[in-house]
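Below is one structure, written out as structure tokens; comments come after it.
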Amino acid sequence: MNLSKSDYILGNFCSKALWLKKNKSELLPDYDNAQAESGYQVQNLAHQLFPDGVIVDAEPWEISQGAKLTESLAKKHDVLFEAVARLPWGAFCRTDVLRKNGAGWDLIEIKSTTSLKDEHVDDLAFQYFVFSNAGYKIKNCFILHLNKRYVRRKKLDVKKLFVMENITPEVLAKYDEVAEASARLFDLQKSKVEPQIFVDKNCLDCDFLPYCGKNIPEYSILNVFRADTIERVYQKNQSYDLSKLCAEDYSGKNYIDIQSWQEKSEYCDKKQIQEFLKQLVYPLYYLDYETIMPAIPMFENSSPYQQIPFQFSLHVQKTPGGDLQHVSFLHKEKSDPRRSLAETLVQSCGKKGSVIVYNEMFEKTRNAELAKLFPDLSRDILNINNRVVDQLPVFRNRALYHYSQHSSASIKKVLPAFTDLDYSELEVKNGEEAMTRYLAFLNGELSLEEEKILFYGLEKYCGQDTYAMVLLMKVLYEKAA
Ligand code: SF4
């Protein structure tokens, strides 16, 4: 049995997750191709920084062959991509770039993030442990990640797109820890006994949750409580089940969530809703954006992972409960959507009246970015920001809450809780799907027919988000009456 770098990282996250990967691999879901694709693009670009690089051409499962090939290529070349090292007892890893440095070598790990993360240190610490014990004299360890301050001009400047951080001291400080943990995890994965681990908030992001949490209700204390209190709540009640808790033992939102769930009821704070409604100035403009955030900037004047709005929906209502006008903008060309979006937005939003959004941070930040980019439209765009009223806090603060929301204030949960509408029938069902498919359109991966279907789906989806806010506003008026 081997211990790869990803095994080591997984085992550090949760020893049971590593054990399940090795002993019950059928529980793992399919790999996320979209995320992997973005990682490959970043890696390929980063390789341009090392024009003399030679790839160690071995399949992922050809570990010993890869290690031997690395040894032989290292005698002739100064830069190797995908270099492999393996220790006799089974620990092995690949490094993105192995670069000659005098009589030794540097390890360079390419990451598609825009900053250094704690897990990057663990990643390189494991690589350092394996490569140095395999006989490579490692001098420095670097993380090469995207530069969040980089602003693309006409042409992409790969040198400025990346930042190299030397983390050698942090890596060296972890040496003993890696030596101990890798030996322990290597033995653990061979054990016949499945580790017992308490299912906690961390588990919500784990692929094995359906297995480990098979006896935990779909909606449980994991959804209601903060990470640092879950174990205490569990110990007190000896259960994840909310129906076993005494609601009066808890306060604030926790109390509301538990009480509503146990009674299958809704909670309404009329005063808070009335206060919210008092701020509104008609006409109301219900606004929602869809954005893409490419890792590698696609357009001039954009940065890695910058959110680029390509679509908005706007429902306009002149009087409470009055008729609606709908403005839909969707950029249907393979070019920077921001100028035409900003112009249409300014023309459609008038000068007065509240602009209703769901999570103001998102729309306000997009508007501030557009205002900075287009100084001639800046006054009008910032005027829109000054008129923003956020609907989210009404639901997040539990001024109105329905037990079926399961402690979530996402509009996807709130809408079906109070109206007959939901998102299940839509062609495009969420913002992530809108983003992925629009990027596929921009990259020329769709046929004309697929483009038509996508545009139709996007207009329906974004339109529903603003129509949802209109319906929820009607609900708020009814509850406040
Ligand atoms: S669900 Fe939790 S306990 Fe189970 S493997 Fe994942 S992190 Fe570990």
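Numbers for the structure displayed
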| quantity | calculated |
| --- | --- |
| Total residues in region 224-242, condition assigned to a helix (DSSP H, G or I), in contact (Cβ under 8 Å) with a residue 24 or more places away in the chain and surrounded by fewer than 18 Cβ atoms within 10 Å (Cβ to Cβ) | 2 |
| Strands (runs of 3 or more DSSP E) contained entirely in region 288-364, each with at least 1 residues that are buried (at least 18 other Cβ atoms within 10 Å of the Cβ) and out of contact with any helix residue (DSSP H, G or I) (no Cβ under 7 Å at 6 or more places or on another chain) | 308-317 |
| Filtered residues of region 223-242 (kept if within 13 Å of the ligand (Cβ to nearest atom) and in contact with a helix residue (DSSP H, G or I) (Cβ under 6 Å, 6 or more places away or on another chain)) | Ala227, Ile230, Tyr240 |
| Hey, Lys412 in a helix (DSSP H, G or I) and touching a residue at least 12 places away in the same chain (Cβ under 8 Å) or not | yes |
| Pairs with Cβ under 9 Å, 6+ apart, first in region 448-459 and in a helix (DSSP H, G or I), second among the acidic types (Asp, Glu) | Ile453/Glu427; Leu454/Glu427; Tyr456/Glu427; Gly457/Glu427; Gly457/Glu433; Leu458/Glu290; Leu458/Glu427 |
| Count of region 418-432 residues which are at pLDDT below 95, crowded, with 17+ Cβ neighbours inside 10 Å and either part of a helix (DSSP H, G or I) or not assigned by TED's automatic domain parsing to the domain that holds Lys332 (or both) | 1 |
| Some residue of region 37-47 being outside any helix (DSSP H, G or I), away from the ligand (no atom under 16 Å from the Cβ) and modelled with pLDDT under 95 | no |
| Residues of region 129-147 satisfying the condition of being under 29 Å from the mean Cα position of the chain (by Cα) and either of a type in the set (A, V, I, L, M) or over 25 Å from Asn44 (Cβ atoms) (or both) | Ile143, Leu144, Leu146 |
| Lone unmet requirement of (1) under 24 Å from Pro393 (Cα atoms); (2) hydrophobic (A, V, I, L, M, F, W, C); (3) loosely packed, with under 15 Cβ neighbours inside 10 Å for Cys246 | (1) |
| Residue within region 213-220 that is crowded, with 18+ Cβ neighbours inside 10 Å, within 16 Å of the ligand (Cβ to nearest atom) and in contact (Cβ under 8 Å) with a residue 40 or more places away in the chain present | no |
| Looking only at region 194-203, and only at residues there that are closer than 12 Å to Tyr240 by Cβ and part of a helix (DSSP H, G or I), the one that is farthest from the ligand (Cβ to nearest atom) | Lys201 |
| Scan of region 82-115 for residues that are under 29 Å from Pro294 (Cα atoms) and either over 28 Å from the mean Cα position of the chain (by Cα) or not assigned by TED's automatic domain parsing to the domain that holds Ile55 (or both), ordered by number | Ala83, Leu98, Arg99 |
| Subset of region 165-193 that is surrounded by fewer than 12 Cβ atoms within 10 Å (Cβ to Cβ) and outside any helix (DSSP H, G or I) - its residue that is farthest from the ligand (Cβ to nearest atom) | Lys192 |
| Failed criterion for Lys372 (all others in (1) part of a strand (DSSP E or B); (2) without any contact (Cβ under 8 Å) to a residue 24 or more places away in the chain hold) | (1) |
| Residue match in region 14-26 (condition: within 18 Å of Tyr128 (Cα to Cα), among the aromatic types (Phe, Trp, Tyr) and in a helix (DSSP H, G or I)) | no |
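So that you can scan it fast, the table gives a plain yes or no per residue for (1) farther than 30 Å from Ile296 by Cβ; (2) over 30 Å from the mean Cα position of the chain (by Cα):
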residue: Pro320; (1), (2): yes, yes
residue: Leu324; (1), (2): yes, yes
residue: Val327; (1), (2): yes, no
residue: Leu330; (1), (2): no, no
residue: Lys334; (1), (2): no, no
residue: Gly353; (1), (2): yes, yes
residue: Val357; (1), (2): no, no
residue: Glu363; (1), (2): no, no
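The values are calculated or read from the model by the stated rules, or taken from the named source; none is laboratory data. Computed from a predicted structure; not experimentally measured. Ideal geometry is used to build each Cβ from the backbone, glycine not excepted, and the neighbour counts take in all protein chains shown.
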